[in-house]
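Structure first, commentary second.
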Amino acid sequence: MKLSPHDLRQLDDAYLRRLPEDALRALSLTLLEDLKEARERLQQNPSNSSRPPSSRAPWERPTAAETGEDESEEDAAAPPGASTATADAEKRSDDEAAPSGAVSDAAQPAERPKCKPGKQPGAPGVGRTTVFMAQATEVHRPAVCRGCGEPLAAQAPAKAYTGFQSLDLRWGDAAAPGVHLHVVDHRFLEVTCGCGHHTRERPTQVAVEDTLEGVQLREWRLVGPGLATLIIALSLRFRLSRRRIQEFLDDWLGVHLSIGTIHQTLHESAAVVAPAEATLLADIQRSGLLHADETSWPQQPQRLWLWVFLTTTTTLFVIAGRGKATVTRVLDGFGGWLMSDGWFSYRGYPQRLRCWAHLLRKAQGLIEGYDADGRRFGRLVHTTLETLMAAIYAAREGPPPDAAAGDPARTHAVALAALRQACLDHLGHRHEKTKALAVEFYTDWDAIFNVLKHPHLPLTNNDAERALRHWVIARRLSHGTRTAVGSCVFTLLASVIETCRQRGHSPWEYLATAIADRRAGLPLPPLPQPGV
């Protein structure tokens, strides 16, 4: 760049009009060169520079069709050592040699059948050959004869007809802290009744929510509740992939689980806690203050949004579109204060607060910009907000002797009037960012300054932004989710984990208990309450 930021700040309409024609022409060429260089920098991406692939925005990442995966078979058909250009030339020559109206077979690459990832129907299965030494045996015996309906006597003839092993983790105590692997042999009995009927005890299988189609919740599982919570922690809390979880369990516990088993464990655990979503939603709708925010979330091939709704004791995550339907569904019946940014989906709620941190950053952007009017307007906004913030902090410390002095809106009425007039004057400004900030203040004035009437309310939406930060990192590592079921699994587990942490309880102990109860056919235990 030839012109520095200091040079650009001195250039305005009046200065340019005073320049002689030759000087103006030379300055225009310099500006043109700088503009081209700036455009080239903006257009840099992983395909034309050394920037990493992760620097692409989620909506800019190419789909499978755009990356040319459909042409991979065609390229692979070329002889070894032949270049792509040579193969293309040969194909064009074949096409030109074909009669008019005929289509060459070589020009029609065979379409690969589309199939879901994972094991395909008809593929040979792989069974577990490792048998662990069990520390305990659990016998499952039927209590009632399914023939005559009479209770089965304890001394009735019985034999084990099937069974399975479960691998679990047990928490130690003060004498033996930590966790250790615990193997249980499960035996299911067939009991003969006096009526001659043979009754078999069957593993429990529980129906799951419709949103988790294809997920099974049943007692017959290799992974026990404690080991399942470790897998959940490694996946969501420590952001490991399925393959890295497999490596960790093999190296540290000596347990080799397939990728499919790890995947099924996560999905089943989400089915376990699915009924808790209604409880979280009810807690949010009863709250007096709610923080809401959203960030982009790719669900291949769609671009969706990860929403967070946060109270002092409850967190709910939702993956959906960015439209108003999501906010309406979650906040149906909500009557408290809503803290959010300026996104239009929140605009329908009268008791709304705006995050001042966003506004201060936008004002700072104008101050550091190159438009003279924008810099002046940005300084006015920034100075006014900082003055009002100091007044709000003072009002929180206690009411002053003069009641009027304790009302920031009345004390700083002149500054507010000047800011509102400045917003009105810049509604049609030629500088887009200046105009946008003026319109934002003017159209959302009440929501921005509601906090002046209620100084005890928050000034920023930092709580919601911090709640999303962990998952934004997870998004960059995993590139989002692939299916609606995967998104539902993610949000259910994340909501329960964060809610337990907010309430001062271990999410892993709760999840282990919940998985054990639900596999046994019992209802989901209530979420732990704060201070209990």
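The values are calculated or read from the model by the stated rules, or taken from the named source; none is laboratory data. Quick caveat: nothing in here was measured; it's all calculated off a predicted structure. As a convention, Cβ positions derive from the backbone with ideal geometry for all residues, glycine included, and neighbour counts pool all protein chains shown. Just so you know, the surface numbers come from the protein's heavy atoms only, side chains and all, with ligands and any DNA or RNA stripped out. Shrake-Rupley method; radii C 1.70, N 1.55, O 1.52, S 1.80 Å.
Could you list, in sequence order, the residues of segment 190-226 that are among the acidic types (Asp, Glu) and open to solvent by 60 Å² or more (accessible area, probe 1.4 Å)? Please lay out each step first, then the result.
Kept after step one, since they are among the acidic types (Asp, Glu), are these residues of segment 190-226: 190, 201, 209-210, 213, 219.
Matches in segment 190-226: Glu209, Asp210, Glu213.
When residues of segment 32-46 are filtered for being open to solvent by 90 Å² or more (accessible area, probe 1.4 Å) and modelled with pLDDT under 80, how many remain?
Residues flagged as open to solvent by 90 Å² or more (accessible area, probe 1.4 Å) and modelled with pLDDT under 80 within segment 32-46 amount to 3.
Could you check how many residues of segment 475-524 are closer than 14 Å to Leu212 by Cβ, touching an Asp or Glu at 6+ places or on another chain (Cβ under 9 Å), open to solvent by less than 20 Å² (accessible area, probe 1.4 Å) and among the hydrophobic types (A, V, I, L, M, F, W, C)?
Result for segment 475-524: 1.
Go through (1) among the hydroxyl-bearing types (Ser, Thr, Tyr); (2) within 13 Å of the chain's Cα centre (by Cα); (3) surrounded by 19 or more Cβ atoms within 10 Å (Cβ to Cβ) one by one and return the number of the condition Thr434 breaks.
(2)
Just one of (1) under 30 Å from Asp7 (Cβ atoms); (2) of a type outside the set (S, T, N, Q); (3) in contact with an Asp or Glu (Cβ under 7 Å, 6 or more places away or on another chain) trips up Glu465, so point out which.
Answer for Glu465: the failing condition is (1).
Filter segment 99-136 down to residues that are touching a helix residue (DSSP H, G or I) at 6+ places or on another chain (Cβ under 8 Å) and of a type in the set (Lys, Arg) and give me whichever is modelled with the highest pLDDT.
Let us first name the residues in segment 99-136 that are touching a helix residue (DSSP H, G or I) at 6+ places or on another chain (Cβ under 8 Å), namely 104, 106-107, 109-112, 118-119.
Subsequent filtering for residues that are of a type in the set (Lys, Arg) retains 112, 119.
On the way: Arg112: 67, Lys119: 73.
The residue in question is Lys119.
Report whether or not Ser487 is over 18 Å from Ala292 (Cβ atoms), at pLDDT below 95, among the hydroxyl-bearing types (Ser, Thr, Tyr) and within 30 Å of the chain's Cα centre (by Cα). Lay out the reasoning, then the answer.
Values: over 18 Å from Ala292 (Cβ atoms): yes; at pLDDT below 95: no; among the hydroxyl-bearing types (Ser, Thr, Tyr): yes; within 30 Å of the chain's Cα centre (by Cα): yes.
When the stated conditions are applied, Ser487 does not pass them.
Here's the yes/no breakdown for (1) within 30 Å of Trp471 (Cα to Cα); (2) touching a Leu at 6+ places or on another chain (Cβ under 9 Å):
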site: Thr313; (1), (2): yes, no
site: Leu316; (1), (2): yes, yes
site: Val330; (1), (2): yes, yes
site: Leu338; (1), (2): yes, yes
site: Cys355; (1), (2): yes, yes
site: Arg361; (1), (2): yes, no
site: His382; (1), (2): no, yes
site: Gly398; (1), (2): no, no
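In segment 227-280, how many are assigned to a helix (DSSP H, G or I) and either open to solvent by less than 60 Å² (accessible area, probe 1.4 Å) or touching a residue at least 60 places away in the same chain (Cβ under 8 Å) (or both)?
Initially, segment 227-280 is screened for residues assigned to a helix (DSSP H, G or I), giving 227-237, 242-253, 259-273, 276-280.
Filter again for either open to solvent by less than 60 Å² (accessible area, probe 1.4 Å) or touching a residue at least 60 places away in the same chain (Cβ under 8 Å) (or both), leaving 227-237, 245-246, 249, 253, 259-262, 265-273, 276-277, 279-280.
Residues in segment 227-280 being assigned to a helix (DSSP H, G or I) and either open to solvent by less than 60 Å² (accessible area, probe 1.4 Å) or touching a residue at least 60 places away in the same chain (Cβ under 8 Å) (or both): 32 in total.
For Ile284, only one of the following conditions fails: (1) among the hydrophobic types (A, V, I, L, M, F, W, C); (2) closer than 22 Å to Lys453 by Cα; (3) within 19 Å of the chain's Cα centre (by Cα). What is its number?
Failed condition: (2).
In segment 142-196, what residues are in a loop (DSSP other than H, G, I, E, B) and within 18 Å of Arg519 (Cα to Cα)? Lay out the reasoning, then the answer.
Of segment 142-196, the ones in a loop (DSSP other than H, G, I, E, B) are 142-143, 145-150, 152-157, 172-178, 193-196.
Within segment 142-196, Pro142 is the sole residue that qualifies.
Go through (1) open to solvent by less than 70 Å² (accessible area, probe 1.4 Å); (2) modelled with pLDDT of 50 or more; (3) outside any loop (DSSP other than H, G, I, E, B) one by one and return the number of the condition Val139 breaks.
(1) is the only condition that Val139 fails.
How many residues are open to solvent by less than 80 Å² (accessible area, probe 1.4 Å) and under 32 Å from the mean Cα position of the chain (by Cα) if we restrict to segment 159-189?
Our first condition is that a residue be open to solvent by less than 80 Å² (accessible area, probe 1.4 Å); within segment 159-189, this holds for 160-169, 172, 176, 178, 181-186, 188-189.
Now drop any that are not under 32 Å from the mean Cα position of the chain (by Cα), which leaves 166-169, 178, 181.
Matching residues across segment 159-189 total 6.
Does Ala372 qualify as being closer than 29 Å to Leu11 by Cβ, touching an Asp or Glu at 6+ places or on another chain (Cβ under 8 Å) and of a type in the set (A, V, I, L, M, F, W, C)?
On the way: closer than 29 Å to Leu11 by Cβ: yes; touching an Asp or Glu at 6+ places or on another chain (Cβ under 8 Å): yes; of a type in the set (A, V, I, L, M, F, W, C): yes.
Taking the combined requirement at face value, the residue satisfies it.
So how many residues does segment 403-431 have that are exposed (fewer than 14 other Cβ atoms within 10 Å of the Cβ) and in contact with a Gly (Cβ under 8 Å, 6 or more places away or on another chain)?
Within segment 403-431, residues that are exposed (fewer than 14 other Cβ atoms within 10 Å of the Cβ) and in contact with a Gly (Cβ under 8 Å, 6 or more places away or on another chain) number 0.
Which members of segment 445-470 meet the condition of being within 28 Å of Leu306 (Cβ to Cβ), more than 28 Å from the chain's Cα centre (by Cα) and open to solvent by less than 10 Å² (accessible area, probe 1.4 Å)? Give the derivation first.
Kept after step one, since they are within 28 Å of Leu306 (Cβ to Cβ), are these residues of segment 445-470: 447-448, 450-451, 457-470.
From what's left, more than 28 Å from the chain's Cα centre (by Cα): 450-451.
Selection gives Val451 alone.
Restricting attention to segment 327-356, and to residues there that are open to solvent by 10 Å² or more (accessible area, probe 1.4 Å) and without any contact (Cβ under 8 Å) to a residue 40 or more places away in the chain, which single residue is farthest from Pro455 (Cα to Cα)?
Arg329
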